[in-house]
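The values are calculated or read from the model by the stated rules, or taken from the named source; none is laboratory data. Not measured: the values here are computed from a predicted model. All Cβ positions, even for glycine, are placed from backbone atoms using ideal geometry, and neighbour counts span all protein chains on display.
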């Protein structure tokens, strides 16, 4: 009789244990974390534009321009921004220079680039990249006037758009002759409030490229 009276208690205890065990299992399943999202980035030439700003007058008034043709060779697709940028090569035909002022474009090509060696194209490549998918810095080597020298730029991501920016000094490429010739040709147009004709040697560069981003 004692064994019979214990049977319902044992069954009830087993039911409670089973119920508790199932609850713990459900809690464990509910706290499982998802695998991190993996994204890849691809370059799109049609969504890329390089702009530059030169400076005239003592007070440094900006003159903006671009190159209508910019050929960039990079990897088809990479899983990070630094990997996509590393070892990228570019070619820019000088003939594609565009300041929205045809008369000025002719003068820049003739008097500035015309006084440089190997003056039909600008070429270069990215030498190193330090950063992540949000931002960082890079050095690219620019071949101009038969000289290869590094240019430092920073980069950031704004949505899917990669923005690179930095400043280069034309004097580093021994371009003083071209700067002087262009300034002499445009001396009246380069006179500021102080009456001095000035064309500065530094150029601000900015490249914007909306990438094709795919996440899984």
From 168, 147, residue being touching a helix residue (DSSP H, G or I) at 6+ places or on another chain (Cβ under 6 Å), in the same structural domain as residue 89 (by TED's automatic domain parsing) and over 13 Å from residue 81 (Cα atoms): 147
Per-region count, the range 81-103, residues out of contact with any strand residue (DSSP E or B) (no Cβ under 7 Å at 6 or more places or on another chain) and either under 27 Å from residue 212 (Cα atoms) or surrounded by 17 or more Cβ atoms within 10 Å (Cβ to Cβ) (or both): 1
Matching residues in the range 72-102 - criterion: being touching a helix residue (DSSP H, G or I) at 6+ places or on another chain (Cβ under 8 Å) and within 30 Å of residue 180 (Cα to Cα): 94, 95, 97, 98, 99
Test for residue 63: is it assigned by TED's automatic domain parsing to the domain that holds residue 143, over 18 Å from residue 153 (Cβ atoms), at pLDDT 95 or above and assigned to a strand (DSSP E or B): yes
